[in-house]
Amino acid sequence: MAVHDVRIEVTPLQTEGMRDVRGDVVRRQLIADHGIDVGIVRSICGYLVRSEYEAGSITPRVQDIFSDPIIEFGAVDTSIIHNTEFFPETPSLCVTVGFKPGVTDNPGAAANDGFQVLFPDENAAISTYTTYVFTNLPTTVDNTWLASTLHNPLIERAILATREDLSSGTASTITFPDRPTIVRQSPSIIDLEVANEELIRLSNDGLLALNLTEMQAIQAHYRMPEHQAARQSVGISTNAPTDVELECLAQTWSEHCKHKIFASKIHHIDTETNEDTIIDSLFKTHIMNPTHDMAKDVDWLLSVFHDNSGVIAWNDDWSVCMKAETHNSPSALDPYGGAMTGIVGVNRDILGTGLGARPIANTDVFCFGPPTWTGELPSTLFHPSRVLRGVHAGVRVGGNESGIPTVNGAIVFDERYIGKPLVYCGTVGLMPRRLADGRESHEKNPTPGDTVYMVGGRVGSDGIHGATFSSLELTDESPSSAVQIGDPITQKKMMDMILEARDACLITCITDNGAGGLSSSIGEMAEYTNGCEIDLGKVPLKQEGLSSWEILVSESQERMTVAVAPKDTEAFEALATLHEVEATPVAEFTNSGYFHVKHGEETVAYLPIEFLHDGVPQLELESEWIPPVQPEFKPPTSLDNTTLLEEMLARPNIASKETWVRQYDHEVMAQTAVKPFVGKERDGPGDAGLIAPIHGDPQGIVVSCGIAPRYSDIDAGAMVAAAIDEAVRNAVCVGVDIDKMAGLDNFCWPDPIESEKTPDGKFKLAQLVRANRELERICRAYRLPCVSGKDSMKNDYGVWPNKISIPPTMLFSLFGNHVDVRNTATSNFKKHGQRIYLVGNSKNELGASEVAYHLNEKNLVEGIGGNVPRLPEPERQLDIYRRLSKTIQNGLIRTAHDCSEGGLAVAVAEMCIGGRLGAIIDIDGIGEGDSFSRLWSESLGRIVVAVDAEHEIQFIESMSDADIHLIGMVTDTQILIIEDGYDELIQANVSDLTKSWKEALDMTGGV
Amino acid sequence: MSDNVRVAVLFGFGINCDRETAAVFDMVGGTSERLHVNNLVQGNRSLEEFDILAVPGGFSFGDHLGSGRLLGNRLRFALRDQLQTFVNSGKPIIGICNGFQALVKTGLLPGPESASLEPDLIQRASLTLNNTGRYEDRWVTLEFDSESPCIWTKGIQRIECPVRHGEGRFVMPTDADLDRLSTNHQLTVRYVDPSTESGSGLSDDLLPFPLSPNGSMRNIAGICDPTGLVFGLMPHPEAFYTMWLHPEHTSMNLEDDQWEGSGLQIFRNAVEYVRSQR
């Protein structure tokens, strides 16, 4: 059958009332990001259809598939740009953007699905492109620059056509992105009997990210006679690894998968205290042990650390789990695709927990460079505004199209994130405590003989080396194959199907294919039965010709690995067919003790399970704490605090992110009882997400987070304490059940291993030590077990001495029970006459505060040093939180807001904005320090509440001896007044505050 | 015949509001079943088994090639006869958000020119990108045409509920098309300014963003077919089944018996309509 390429183009009609919104968005974003008006922009969507059908047969059905008869015009095999009805004058410039070969083209796949309904051809393929038409581009705009804002050359092609090109007919058109044919290479044998330098070279050249000790451990394995004998019996090279084995070990032993720094033996020296100790695994010492200790006191910790997410018993019928991940390196290279695979990836962690949990809520926390950055930018980095737009769009599409509400998050800005943005994606999952057959759903129970299916997407050359790549620093040569675009609809279909399979009791074991691909997923599951046998020849591929090692380690998205008992395989496959999900048996569990990989009949890898999982040698690292010297922040003596408040509200770290957050669906599933924005105009800040996931039942789940990276500039320990306290504070603000909450620690660090590339590695490791010690101290005091966590340890850009390292950053995510969502609180002031209390004490803690950075950036002061906020008495703090949470659960308090960046002044201003009400506040006597400090200090443990007069006495009684301060009253004046005794510090119109807070990060360029 | 009112709630291919849509029908006395579209396409199941059909919100096929289009095609080409029979036998259909988009693109909405004509599955309107160019989740105020034949909206004057869409701008080719729907009272529900008095908020003049979240012609949020049985709307009434989903419930001091959300009545109307026809 002959194959034809047919071009179809679609553009919006120009009749009355019709608009080209796609084009107009391009115009508005260029105004918002660069202050450049490019004039009218029009858009054309293109489809290149490769099938057995000719243009003549497709033409009559164009309106049935490609163009909407009411709003669009469609044309076959002609370029609309030359159609004078739509473009009476030749435009200034056309930029056509299409995908590079092999890049996921979701619109193309969907179009093909639609095409097949009318034109069955299983070999058909459709590739899409978009043409942006600039009808009258100002001559001051550079064409190449403009094109660079419209595509990412790593994954997309752009073809420019100028007015001259179009007039003279020399404009080139975009063609089908053909993939070069590749031929499968047979596995090669890697000789490891070489000099040490050669071992290092093998690791570096192969992007294996293994150090010399690890390469030597592998070398030693192949020298052992018993292994050689076993290998001979299956017909694989006896004394040297195949490339498949080496790649498999590199993935499994990667920092990304094995957390080698957290597991390392650390020699720690503290020059302040003269401490000189050895720490054997930060993870075991400071994270795992405390949680296991706490597990002795409670009965609701069902599964911690060992599965894809941590699971707690929520009530008798349901358990809840949560996981957060980072996707920093991919998001730096392709913000859109990197972030999207981040969110859909962590969704799969939830789906792969126990026997399968259903994702019910997402959280997104991003750290970026300032969006208004005008300074230097290395040529390989994107401008922070571009990173923000791309990451946001990726997470938005990933979350929204999966039908999972985004209920909580944050965006943090600092110049150092220009080198490496941080993209944290979290997901909460829900599963029944028991399945219909009586099995507890948080436990996996495979047996030898179970069939292992690969379910969902196919394997391609995309996503090869993601795990090892993220374990290296970012450079100009970072590979584009590590970047992928997610396909949320394929994943959604898979998720629907797997949850039905779970409820039909067809699953014995499940895990996701993330970092390391099948090598990790099947490898990890094989630990349960102590062995497996895979046939790579059975794995469905996106394109032929992939080598065995590529199939094994490819991280192609949207795949789960599911084990099914032989008696259930027929039912499982029928379900897959119904849902149009590909499910292919690729392996079988054994108890052979070996990870046995075949390609057809040939054995291409044969590794003992024990060596694969426990063979990696422990790192030994050096750590030395010398406190950083920061010039002390001294507030200027004369300063207009009212102006300062308006400036502070417009700081990107404080300003409203509403434009961005509203683009996430935060209400799908009909469960969100406290939304990201609250109050009279639904634009005041929400402190924590609160959901009631069982329809009709008011029992809730609180989801909150805390992050305070700049405190690391003084002490990374303080940074961690502040992050945990913020997460708890936020949860308390909505009335969390303080006795049933769990946490997730997600560390993002600059490389803390001392080397030529990282001469300050000892200091960065000491920061990590201090961070972990505070994590343990605060979590133990708060009775807050960490049930899952993750670390990303190479967040640097460039090469010493021009290296940009991120500030050490830990995101703390919290999920907890809520007794009844009908009794909760929101941040907005509710009505005139409410009495305002500050819970907690203010201290003189302006070190690394937002106001210190602000006045530094304005060159009004020098230095951000001084007292960083600390938490010296966490047990006492927990008691305060418990009492306050109870008063909210009892319905006495319906207004509460967390005090964080910008201190009390900002917190109260935000409460006025949310309620569109004024307040009169007196900060006399609320704590130590001068009035500047009491306004702006970021002391931990503080929450502002407003209580109706009739509940005031009960409130005071229930708080008992806890530190509460009456600071003022809500007024209907629309004016916020803050006084210190007789001195008026601030008098501001709420409308002005609202404007400052809402406009700074709007970035819409109009409507 | 049993008293059961059986509701088919479609899912699959990226539909994602199926669980809550099924739940609200159960709350008002219906008996819902989440039914994969392919169960109907492959003939394992038939629409005949059901009294009500709901096409929930979501992102069927990722909204590629226009929201609801590819799902609409599956319905239009694979289920044409079943759908026509369903409507002809007087059974109600609702499409919410992506489901509304799919019903418009199948041509079930706004449907033929009069109630006496059979559904012809010809597309006469569309839902296109919001004027803002952005997908947004925000609460809106809706008001209903009290003279609409729509069986889903009887007795409802004004409610709030969320919209969550990027392609919700309702358009028709000409003013005359809209006039015809208006005359037939098929412009069942529209976005209104909440500061107007309930019952007098409906207006043909375009409301500014965000009162109208998408720039729909005549502020249209939802329409029905000439029979009033088929109803579609962009906003999500199922997402306001209880007051604890309202953005300001912490300001309301509600009594225990005041927690029903005003979105629920739409579903109750349909279940009661089916019972009343027996």
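Evaluated with a Cβ-only charge set (Lys, Arg +1; Asp, Glu -1), chain A carries a dipole of roughly 1020 debye about its Cα centre, given to the nearest 20. Dipole magnitude for region A:83-194: about 100 debye, using +1 per Lys or Arg Cβ and -1 per Asp or Glu Cβ, origin at the Cα centre. Between B:ASN44 and B:ASN88, the simple spin-label model (points 7 angstrom out along Cα→Cβ) gives 2.8 nm. Return the whole-Å distance between the Cα centroid of region B:161-211 and the Cα centroid of region A:50-126. Their Cα centres are 32 Å away from one another.
So, counting K/R as plus one and D/E as minus one, what does the shell of residues with Cβ under 10 Å around A:ALA655 add up to? Counting the neighbours of A:ALA655, the net charge comes to 0.
Inter-chain Cβ neighbour count for A:164-175, averaged per residue, equals 0 (cutoff 10 Å, partner chain atoms only). Cα gyration tensor of chain B, axes a ≥ b ≥ c as square roots of the eigenvalues: rounded (a/c below 1.5), prolate (a/b > b/c) or oblate? Rounded, because the longest to shortest axis ratio a/c is under 1.5. Under the convention that each Lys and Arg Cβ holds +1 and each Asp and Glu Cβ holds -1, the size of the dipole of region A:196-261 around its Cα centre is about 180 debye. Pairs spanning more than 27 Å between alpha-carbon atoms, out of A:LYS803/A:LYS998; A:LYS420/A:LYS790; A:LYS831/B:LYS154; A:LYS680/A:LYS843: A:LYS803/A:LYS998; A:LYS831/B:LYS154; A:LYS680/A:LYS843. Farthest towards the positive end of the charge dipole of the protein assembly as shown, among the residues B:GLN186, A:LEU940, B:VAL24, is the Cα of B:GLN186, using unit charges on the Cβ of Lys, Arg, Asp and Glu. Computed per residue of chain A from DSSP H runs no shorter than four, each worth -39500 (n - 2.57), the mean residue ellipticity at 222 nm is -9000 deg cm²/dmol. For A:GLU272 and A:ASP535, the difference between the fully extended length at 0.36 nm per residue and the C-alpha to C-alpha distance is 89.0 nm. A simple spin-label model places pseudo-atoms 7 Å from Cα toward Cβ; at A:ASN890 and A:GLN987 they are separated by 3.9 nm.
Residue separation of A:GLN974 and A:LYS265 scaled by 0.36 nm, minus their Cα-Cα distance, works out to 249.4 nm of gained length.
Taking every DSSP helix (H) stretch of at least 4 residues in chain B, weighting each as -39,500 (n - 2.57) and dividing the sum by the residue count yields a mean residue ellipticity at 222 nm of -6000 deg cm²/dmol. Per-residue shielding of B:8-20, expressed as the average number of other chain Cβ atoms within 10 Å of the residue Cβ, stands at 5.
Could you tell me which of rounded, prolate or oblate describes the protein assembly as shown, using a ≥ b ≥ c as the square roots of the eigenvalues of the alpha-carbon gyration tensor, with rounded for a/c under 1.5 and, failing that, prolate when a/b is larger than b/c and oblate otherwise? Judged from the Cα gyration tensor, the protein assembly as shown comes out rounded (a/c under 1.5). Positive end of the dipole of chain A (Cβ unit charges, origin at the Cα centre): among A:GLY338, A:GLN699, A:GLY399, the Cα lying farthest that way belongs to A:GLN699.
When you count the other C-beta atoms within 10 angstrom of each residue and take the mean per peptide, A:713-724, A:108-119 line up highest first as A:713-724, A:108-119. On the basis of the beta-carbon distance and an R0 of 30 Å, A:ASP930 and A:ARG876 show a calculated FRET efficiency of 0.75.
Packing-based ranking of A:358-370, B:99-111 yields B:99-111, A:358-370, ordered from highest to lowest mean Cβ neighbour count within 10 Å. Put +1 on the Cβ of each Lys and Arg and -1 on the Cβ of each Asp and Glu in region B:6-276; which of B:LEU40, B:PRO173, B:SER203 then has its Cα farthest toward the positive end of the dipole? Selected residue: B:LEU40. The local environment of A:ASP121, defined by Cβ-Cβ distances under 11 Å, has a net charge of -1 under the rule Lys, Arg +1 and Asp, Glu -1.
For A:ASP165 and A:TRP800, the difference between the fully extended length at 0.36 nm per residue and the C-alpha to C-alpha distance is 224.0 nm.
Packing order of peptides B:167-179, B:48-60, highest average first: B:48-60, B:167-179 (average count of other Cβ atoms within 10 Å over each peptide's residues).
Across peptide B:249-258, the mean count of Cβ atoms from other chains lying within 10 Å of each residue's own Cβ comes to 4. Let me know the shape class of region A:595-723, please: from the alpha-carbon gyration tensor, a ≥ b ≥ c as square roots of the eigenvalues, rounded when a/c is under 1.5, otherwise prolate if a/b is greater than b/c, or oblate. Verdict is oblate for region A:595-723. Rolling a 1.4 Å probe over the protein heavy atoms gives the protein assembly as shown an accessible area of 33 Å² per residue.
Report the net charge of residues surrounding A:GLY761, where surrounding means a beta-carbon distance below 9 angstrom and charges are Lys +1, Arg +1, Asp -1, Glu -1. For residues surrounding A:GLY761, the net value is -1.
The values are calculated or read from the model by the stated rules, or taken from the named source; none is laboratory data. Note that the structure is a prediction, hence the values are computed from the model and not measured. Neighbour counts are summed over all protein chains in view; Cβ atoms, including those assigned to glycine, are modelled from backbone coordinates with ideal geometry. Keep in mind that these areas ignore ligands, DNA and RNA; they rest on the heavy atoms of the full protein, side chains included. Shrake-Rupley method; radii C 1.70, N 1.55, O 1.52, S 1.80 Å.
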